[in-house]
């Protein structure tokens, strides 16, 4: 056993790093060394606390004291006071913004922990391949409760009261959906779990299925009990082999334990689940398309009504919910509707899982209460923008969503506010962009996705999105005109207005929201033939600065198309005709002699 | 067109797959998944056999195969290279990596090198966004790939 | 496995399972019953979580350390994969990020055997609903 | 019936629950334009994928526009079909469709009959503001149908016809997104698919993506060749529809004008396929009686029911789909193919013209006939019995090209001897007509009694599958009738499963029979047109002095002079055929 009495955890996240956390760490090490305390105190660099706004952060262990905004000058005081004299440095303690009180023990600082894990409650806790670990953490208790204590109507009432809305994107109230399906009379009904997560950059559903498959199975059984279905189907992407594997294991175990199958828990309720595979079609996230795909058909959507709740899989009433929605259900039953409804905003209850990605330090999966602001997500959880660049936009809702900008940073995130801001909740992809991202190119990227994923059934989506993409291409190539911008807007509007399904109706959102938020960037592309982010190749040139170039020939040797000429020790020149703008020269140059014009 | 004979053994395997799904029309997509597992791809003759077994038209089978991007009618290379073009990878420079692969392998997306060693495809999000940009060679995942690293990756499989 | 026939059976089973866990967590022998969870979702595996898990198992058996190594799902820290959570009896679990095979022995030497922390700790920044 | 009240463009409307906005609007004189929507009322043929989005309308309280063709009316709905938002959206959608459509109207076979073209006119499109890539595909010419799918607008009508109505399964939507199109498997040529050439895809295609192979130029060349004697035969259904090509009301019989026009086009002899239809009845009817008598005598080798074989689309269908039933259909050739050898081997010889110099042209309501006359078994040393088969539409064009003012032509009569026909043969063009004609003859031959009432009303109608029992003087004869290949499939599967016991079955590939054939003037989804054509043929029958095939004097003479008797060796040689198993796949050998 070591003799270490104190651990000092210094945040090594990029945000804190920028505010000198590195020097702080070194200073502590020097101070400890000077005092000969190496055997008692150890300094440790940690990952990001996600609380960059208050960084740099130093946490003292084992007493969990949490010092914020630590400066180099504070180091000595902390060491002297805290470690040697055993007194806390009050002025550096976190101050509760509401009470103004200093909080010392981070264990009592739950409010700094912006995340609440409901859907992800078991992810990273339990072994997903062991049903007993799930059972130990209240697994299948909710199912047992509804089967023995609650009528389907009463259960639906709890779901309605909880305010849970569909986490797949649309945000339809879950309890209401169940109620509608229940009301339809039929000899056979189905419940479906939509696990066809197709948003590029979103992987919430996959994580839930990989980390906690039983919660989905349990919720599907509850859904079956409420709606009157004895058969569940999980429609899952074939690209998720691990999730499929774990789901299969979970199904097998649940059957062995009698939690799926006939006469569950001796209540006479029968329910079992089958897996159906997607095969790479984004549009199959739309429920009518999903149902066609499950029937072995092309995943083309059909006009609603009739809704799946009336006529779905094989023409029978079918209730479709997504993975994350299901993952919330057992908790709501166990903890009650009121508990759940306390979290979130007026019209959006509970939490939302986001896949935070892009130009952000803490890329990862987060679960936050509805109503949190974008600023909190980015700067207090996400650890801020990578490489200290300037924040430019956040894309939510994937190809169907829009871009949120600086002005939206303090908007509470919920279904309605995101729509009002020109985006949408979507399934929960959250891509952060910085000053080096071109908004026109981003819009083009999303349109390319839609063009590839359009099923081709309706003309506005099939042809319209292609034309939008072509216009954006024209603009990024420097051939756009101001009239194109009007055309872009009008066509986007018509596609939204006339497309058959949600995919087409939302596909122009990236265009419209970038036009609304970054019109000046579009104008620069069109009028000045300039891309300020330096992303649009046709609008930029790599130039060698004669003053910095020493003629090392490194760039010329690395140019894949031999576009750079110049004698050794002479200033080099890039042939713009030959240049393919790969940027290899600039990356290689050690003298900052190459820049983009 | 010459009639191609499928290997008797694989043909039996395929028919057994169809039978395991009760030769149900509605199981077409599941059958195609399994068939692609057996053959590596879905050549016309495989689709024709499935159409007969499931009693659906070949045109319908082909309509399904061409609708879903997971299904392919061209044999993949020995080492299928897939570049993730999900948004996270895109904003972290996946396009440049793709360009470099095209240049190094001298093939376009959806093609296979003449020696059958490599094929190139794009995919949407493997969920390893923290490692963006991500490249898959077979089952192996390469994270934080830069255009510079492409040659090394290819070299790993070329020895 | 015998099927669980009633809700009461299920509850009883849960109690038994919990008791087992408590026994492990509140164990008086600090060097035994160490629990290591390796995040093994797609992103973890892609970054080498499998190798990390194997290394733990191998090292523990080599050194004759009584520890349980299990896999678990995504902990959410994709940027720091592979991640592992180590729980020592009587202590809060600590999550370490950027773990590779080399770091495994360091974690065992320093933290597990010597109670010294190691760089790469990931602070927990969420609330679990157990306490909520 | 529950009624729903709503307003459309401010007008109050009351319609039955379940009605679409499109149909509700029609009741108050509001004609919302459509493109992909298609229906043949009362024949359960409907296509409403809601895909083209041309019919969008505004519904108060709804976020986006609603497709009128698929949106069901709701109580209190307020619909606007023509405000600026709707008009702008509708025109933009059409402009998008046009931006992916070749602007080849001047030379397009469908020009003048193209629904896309008329829509562009209706909506006043004067330029296409969107430029960009157009989806292009390989042009595919089969023996009967040309697929120029650059012109496909993905309305899915052909796919619906081929799969849902005909259950042929030659076509499917393939690919997705911008490259989505309707095509055979592997985008191969139609010829390699199980296509029956029924032509129903062509008859519903709104654009020029699917058209017939045009043989009129070959006919013009033959007519201009002084070494050739050119005879023409006209199928029964043509006379009931040709007038539509010249603006006459549907159902106008133009038999006499048609004969006059053909004569003016330069045909040496204008004959009638009806004559061959009478001949078919003699052969097929005799075959039925032969099988029936043997069956009644307990001959176990006899296969019943006997299936008609007049329809080449149907023949193709069972060759592809029912290879184990090839011995059930009658071996009698179709009227077109009976006419050929009689013209070349009997009439030609009489004239002293070598068969190589005798060109037989047929005018057919049908596209499968183009394929049929090219079948190898219908050729003698490479010379086809019927050289060219033109559709009703092609004949219309030919008449126009020859500067003939069709409507002012006098009525003229067919030439002898192959122009004489009975009422029985005329109704061949209607579903149930062949079996009715056969019954008229078979009854008299079987019972030896005279049939007092020649109309068998119980065999008539537009229902897809019909059953009737005819009293053959104490013998109840069970008759089945199907039109549309999907219905035929059902009937055949019932037989295979032993669910049905018929003595004779008539099958026609096209809805309504030949009057609804793939080569007829475009009906654009108006099922009234089909009904009027059918009525016209029954009228023609009623007006004929002779109404039973075996009473046709020229048929009697033909047997006396040339064939001997029905089912004679000569008949077998010239008038009967056999069928082939075409069920094998393209790629895999069984």
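Take residue D:232 and decide whether it is more than 14 Å from chain B (Cβ to nearest Cβ), in a helix (DSSP H, G or I) and touching a residue at least 24 places away in the same chain (Cβ under 8 Å). No. Taking each residue of segment B:56-79 that is more than 7 Å from chain D (Cβ to nearest Cβ) and closer than 18 Å to residue D:177 by Cα and looking for partners that are part of a loop (DSSP other than H, G, I, E, B) and at pLDDT below 90 with beta-carbon atoms closer than 8 Å, six or more apart or interchain, yields B:68/A:280; B:69/A:280; B:70/A:238; B:70/A:239; B:70/A:280; B:71/A:280. Only one of the numbered conditions (1) assigned to a loop (DSSP other than H, G, I, E, B); (2) touching a strand residue (DSSP E or B) at 6+ places or on another chain (Cβ under 7 Å); (3) touching a residue at least 24 places away in the same chain (Cβ under 8 Å) is not met by residue B:109, and that is (3).
Considering only residues in segment C:86-122 that are touching a strand residue (DSSP E or B) at 6+ places or on another chain (Cβ under 6 Å) and in a loop (DSSP other than H, G, I, E, B), the one that is nearest to residue C:35 (Cα to Cα) turns out to be C:88. Restricting B:100, B:156, B:95 to those that are at pLDDT 90 or above and within 10 Å of another protein chain (Cβ to nearest Cβ) reduces the list to B:100. Taken over segment A:380-422, the criterion of being within 16 Å of the chain's Cα centre (by Cα), assigned to a loop (DSSP other than H, G, I, E, B) and within 14 Å of chain B (Cβ to nearest Cβ) is satisfied by A:382, A:383, A:397, A:401.
Taking the conditions (1) surrounded by fewer than 24 Cβ atoms within 10 Å (Cβ to Cβ); (2) within 14 Å of chain B (Cβ to nearest Cβ); (3) in a loop (DSSP other than H, G, I, E, B) in turn, residue D:214 satisfies each one other than (2). Give segment A:367-379 a look and list any residue that's assigned to a strand (DSSP E or B) and either in contact with a helix residue (DSSP H, G or I) (Cβ under 6 Å, 6 or more places away or on another chain) or within 11 Å of chain C (Cβ to nearest Cβ) (or both), or say none. Correct list: A:367, A:368, A:369.
Can you say whether residue A:449 is within 25 Å of the chain's Cα centre (by Cα) and either crowded, with 24+ Cβ neighbours inside 10 Å or under 30 Å from residue D:172 (Cα atoms) (or both), as far as the supplied structure shows? So residue A:449 fits the description; yes. Taking segment B:121-142 as the range and being in contact with a helix residue (DSSP H, G or I) (Cβ under 6 Å, 6 or more places away or on another chain), touching a residue at least 40 places away in the same chain (Cβ under 8 Å) and either more than 18 Å from residue C:45 (Cα to Cα) or not in a helix (DSSP H, G or I) (or both) as the test, the residues that pass are B:128, B:132, B:133, B:134.
Being part of a loop (DSSP other than H, G, I, E, B), in contact with a strand residue (DSSP E or B) (Cβ under 8 Å, 6 or more places away or on another chain) and in contact (Cβ under 8 Å) with a residue 12 or more places away in the chain holds for only one residue in D:414, D:347, and it is D:414.
Within segment D:55-93, which residues are part of a loop (DSSP other than H, G, I, E, B) and closer than 19 Å to residue A:506 by Cα? Listed by number, the residues that qualify are D:61, D:62, D:63, D:64, D:65. Contact map, segment A:468-485: first residue free of Cβ contacts under 8 Å to residues at least 12 places away in the same chain, second residue part of a helix (DSSP H, G or I), Cβ cut-off under 9 Å, separation 6 or more or different chains; pairs are A:474/A:484; A:479/A:473; A:479/A:538. Scanning segment A:138-163 for residues that are in contact with a strand residue (DSSP E or B) (Cβ under 6 Å, 6 or more places away or on another chain) and either more than 10 Å from chain C (Cβ to nearest Cβ) or crowded, with 24+ Cβ neighbours inside 10 Å (or both) yields one hit, A:163. Residues in segment A:193-212 that are within 9 Å of another protein chain (Cβ to nearest Cβ) and assigned to a helix (DSSP H, G or I): A:206, A:207, A:208, A:209, A:210, A:211. Would you check if there is a residue in segment C:5-18 being at pLDDT below 85 and facing another protein chain (nearest Cβ under 9 Å)? Within segment C:5-18, not a single residue is at pLDDT below 85 and facing another protein chain (nearest Cβ under 9 Å).
Kindly check whether there is at least one residue in segment A:249-269 that is assigned to a loop (DSSP other than H, G, I, E, B), closer than 23 Å to residue A:166 by Cβ and within 8 Å of another protein chain (Cβ to nearest Cβ). No, there is no match, as no residue in segment A:249-269 is assigned to a loop (DSSP other than H, G, I, E, B), closer than 23 Å to residue A:166 by Cβ and within 8 Å of another protein chain (Cβ to nearest Cβ). Across segment D:40-84, the qualifying residues are those that are under 30 Å from residue D:464 (Cβ atoms) and surrounded by fewer than 19 Cβ atoms within 10 Å (Cβ to Cβ), and the one among them that is farthest from the other protein chains (Cβ to nearest Cβ) is D:42.
Among all positions in segment A:117-136, there is no residue which is surrounded by fewer than 19 Cβ atoms within 10 Å (Cβ to Cβ), more than 14 Å from every other protein chain (Cβ to nearest Cβ) and at pLDDT 75 or above.
The residues of segment A:446-467 that are part of a helix (DSSP H, G or I) and touching a residue at least 24 places away in the same chain (Cβ under 8 Å), listed by number, are A:446, A:447, A:449, A:450, A:453, A:460, A:461, A:464, A:465, A:467.
Hey, any hits in segment B:69-77 for a residue that's crowded, with 21+ Cβ neighbours inside 10 Å and out of contact with any helix residue (DSSP H, G or I) (no Cβ under 7 Å at 6 or more places or on another chain)? So far as segment B:69-77 goes, yes, one or more of its residues are crowded, with 21+ Cβ neighbours inside 10 Å and out of contact with any helix residue (DSSP H, G or I) (no Cβ under 7 Å at 6 or more places or on another chain). When residue D:476 is tested against the conditions (1) within 23 Å of residue D:528 (Cα to Cα); (2) at pLDDT below 95; (3) assigned to a strand (DSSP E or B), the lone failure is (1).
Within segment D:245-256, is even one residue farther than 17 Å from residue D:391 by Cα, part of a helix (DSSP H, G or I) and out of contact with any strand residue (DSSP E or B) (no Cβ under 9 Å at 6 or more places or on another chain)? Checked against the condition, which is being farther than 17 Å from residue D:391 by Cα, part of a helix (DSSP H, G or I) and out of contact with any strand residue (DSSP E or B) (no Cβ under 9 Å at 6 or more places or on another chain), segment D:245-256 yields at least one hit.
Residues checked against (1) within 30 Å of residue A:478 (Cβ to Cβ); (2) surrounded by fewer than 24 Cβ atoms within 10 Å (Cβ to Cβ); (3) outside the structural domain of residue A:197 (by TED's automatic domain parsing):
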position	(1), (2), (3)
A:376	no, yes, yes
A:384	no, no, yes
A:387	yes, yes, yes
A:390	yes, yes, yes
A:395	yes, no, yes
A:399	yes, no, yes
A:415	no, yes, yes
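Restricting attention to segment A:213-245, the residues being out of contact with any strand residue (DSSP E or B) (no Cβ under 7 Å at 6 or more places or on another chain), surrounded by fewer than 24 Cβ atoms within 10 Å (Cβ to Cβ) and in a helix (DSSP H, G or I) number 3.
Checking each residue in segment C:86-100 for being surrounded by fewer than 20 Cβ atoms within 10 Å (Cβ to Cβ), facing another protein chain (nearest Cβ under 9 Å) and under 10 Å from the mean Cα position of the chain (by Cα) picks out no residue at all.
The values are calculated or read from the model by the stated rules, or taken from the named source; none is laboratory data. Everything quoted here is computed from the prediction, not taken from an experiment. Cβ sites come from the backbone with ideal geometry, for glycine too, and all protein chains shown count toward neighbours.
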